[in-house]
Amino acid sequence: MSEMNEQTAFNAEDLNFNDLQLEDFDTDLAASAPAMASMPERDLSFFRKIPVTVTLEVSSTEISLGELMKAGEGTVIELDKLNGEPLDVKVNGSLMGHAEVVVVNEKYGLRLIDVVDSPINSLEH
């Protein structure tokens with residue numbers, strides 16, 4: 001029974017990395033790359049129906065909780081952006097680009113000025 005309780009110690013000399021053919025591993029990966037490239041593209045049109053929230057963020061600022069607690073009706077809190085600067089357009093909280101405010105049919109709208117690089121842009125039309 002005492003033989004079963006003995007633990008086998010790990011011996012680093014038992015490892016022989018020379019038997020591994022690592023250079024063949026790299027060529028196997030390179031050989032499979034063209035096969036992956038020739039795979040047909042998936043139809044991603046179903047993504048177009050997923051609803052997202054588009055937000056036009058005017059600006060923000062950091063103030064202390066004490067200052068916020070003193071704020072009341074008529075209090076002005078100065079924001080970080082200057083008048084006339086493009087506003088941030090966010091999609092589900094992630095920056096999509098910058099825009100300016102416009103009025104369309106008596107409703108506010110936005111005119112995109114620039115679109116930042118994002119995964120959304122890579123989806124085909």
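We did not get these values from a lab; they are worked out from the coordinates using the rules stated. Quantities reported herein were computed from a predicted structural model and do not represent experimental measurements. Methodologically, a virtual Cβ is constructed for each residue, glycine included, from the backbone with ideal geometry; neighbour enumeration extends over all protein chains shown.
Return yes when S38 is surrounded by 10 or more Cβ atoms within 10 Å (Cβ to Cβ), of a type outside the set (K, R) and out of contact with any His (no Cβ under 9 Å at 6 or more places or on another chain) and no when it is not.
Criteria not met by S38.
Look at region 53-96 and say how many of its residues are over 17 Å from the mean Cα position of the chain (by Cα) and β-branched (V, I, T).
Filtering region 53-96 down to residues over 17 Å from the mean Cα position of the chain (by Cα) leaves 56-87.
When the remaining residues are screened for being β-branched (V, I, T), the result is 58, 61, 63, 75-77.
Final tally of qualifying residues: 6.
Can you spot a residue in region 54-74 that is among the acidic types (D, E), without any contact (Cβ under 8 Å) to a residue 24 or more places away in the chain and assigned to a strand (DSSP E or B)?
Checked region 54-74: no residue is among the acidic types (D, E), without any contact (Cβ under 8 Å) to a residue 24 or more places away in the chain and assigned to a strand (DSSP E or B).
Which number in (1) surrounded by 10 or more Cβ atoms within 10 Å (Cβ to Cβ); (2) within 27 Å of I113 (Cα to Cα) marks the one condition that E78 misses?
Only one criterion is unmet by E78, namely (1).
Hey, can you tell me all the residues within region 86-118 that are surrounded by 12 or more Cβ atoms within 10 Å (Cβ to Cβ) and without any contact (Cβ under 8 Å) to a residue 12 or more places away in the chain?
If the condition is that a residue be surrounded by 12 or more Cβ atoms within 10 Å (Cβ to Cβ) and without any contact (Cβ under 8 Å) to a residue 12 or more places away in the chain, then G109 is the only one that fits.
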